[in-house]
Amino acid sequence: MLTPVVDEDGAPFWGYAAQGELRVQTCADCAEPRFPPRPCCPHCQSFASEWRAVSGRGRVWSYVVPHPPLLPDYAELAPYNVIVVELADAPRIRLVGNLVTGPDAPLNSLPPERIRIGTRVQVVFSSAGLPQWILERP
């Protein structure tokens, strides 16, 4: 399976994720959250930043269900979903992941017909430290 390419700006995101925390880079001067991580704030051009914890709640903003032909490691899991999640406490931040039934569940563990735009989700983390998403419990 593919793993993220970790650069200097994004390394803290993956470090926190490995600890089971969802944090977003935030400008220390204007408090604007930003993703993907980068050295300079696009709103005020400050180079000061911090990593703020977010709730991990969000909603499905968009999704796709890939079908073969795919990369060999993914082909046997198809069809599976790839979702774009709009974070509840940082609505301009959107993260990509998979909607699964639980941490470390296979990518195809949730039937694609259960996914709807606007569905509320909650982050979970795989044992590899990758953010995944589950249906939010009421």
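Is it fair to say V96 is free of Cβ contacts under 8 Å to residues at least 24 places away in the same chain, closer than 22 Å to Q19 by Cα and in a strand (DSSP E or B)? It is true that V96 is free of Cβ contacts under 8 Å to residues at least 24 places away in the same chain, closer than 22 Å to Q19 by Cα and in a strand (DSSP E or B).
Considering the range 57-88, the residues that are outside any strand (DSSP E or B), closer than 18 Å to R114 by Cα and of a type outside the set (V, I, T) include one that is least open to solvent (accessible area, probe 1.4 Å), namely N81.
Going through the range 15-26 one residue at a time, which ones are hydrophobic (A, V, I, L, M, F, W, C) and either assigned to a loop (DSSP other than H, G, I, E, B) or buried (at least 16 other Cβ atoms within 10 Å of the Cβ) (or both)?
Those that are hydrophobic (A, V, I, L, M, F, W, C) and either assigned to a loop (DSSP other than H, G, I, E, B) or buried (at least 16 other Cβ atoms within 10 Å of the Cβ) (or both): A17, L22, V24.
Checking each residue in the range 45-54 for being open to solvent by less than 40 Å² (accessible area, probe 1.4 Å) and under 28 Å from R120 (Cα atoms) picks out only V54. Within the range 37-45, is even one residue under 30 Å from E8 (Cβ atoms) and touching a residue at least 60 places away in the same chain (Cβ under 8 Å)? No: the range 37-45 contains no residue that is under 30 Å from E8 (Cβ atoms) and touching a residue at least 60 places away in the same chain (Cβ under 8 Å).
Among the residues making up the range 126-138, a single one is farther than 14 Å from S55 by Cβ, assigned to a strand (DSSP E or B) and within 11 Å of the chain's Cα centre (by Cα): Q132. Scanning the range 106-125 for residues being open to solvent by less than 30 Å² (accessible area, probe 1.4 Å) and modelled with pLDDT under 95 gives a total of 1. Hey, could you check the range 27-44 for residues that are open to solvent by less than 60 Å² (accessible area, probe 1.4 Å) and under 16 Å from the mean Cα position of the chain (by Cα) and say which is farthest from A90 (Cα to Cα)? For the range 27-44, the residue satisfying everything is P37. Just to be sure, is T3 surrounded by fewer than 18 Cβ atoms within 10 Å (Cβ to Cβ), at pLDDT below 95 and of a type in the set (S, T, N, Q)? Here the answer is yes, as T3 does meet what is asked. Taken together, the criteria exclude A17 from residues that are of a type in the set (A, V, I, L, M, F, W, C), modelled with pLDDT of 95 or more, out of contact with any Asp or Glu (no Cβ under 6 Å at 6 or more places or on another chain) and on the phi > 0 side of the Ramachandran plot.
The values are calculated or read from the model by the stated rules, or taken from the named source; none is laboratory data. What you see is a predicted model; the values in this text were computed from it and never measured. Every residue, glycine as well, gets a Cβ built from its backbone with ideal geometry; the counts of neighbours run over all protein chains shown. Ligands, DNA and RNA are excluded from the accessible area calculation, which covers all protein heavy atoms including side chains. Shrake-Rupley method; radii C 1.70, N 1.55, O 1.52, S 1.80 Å.
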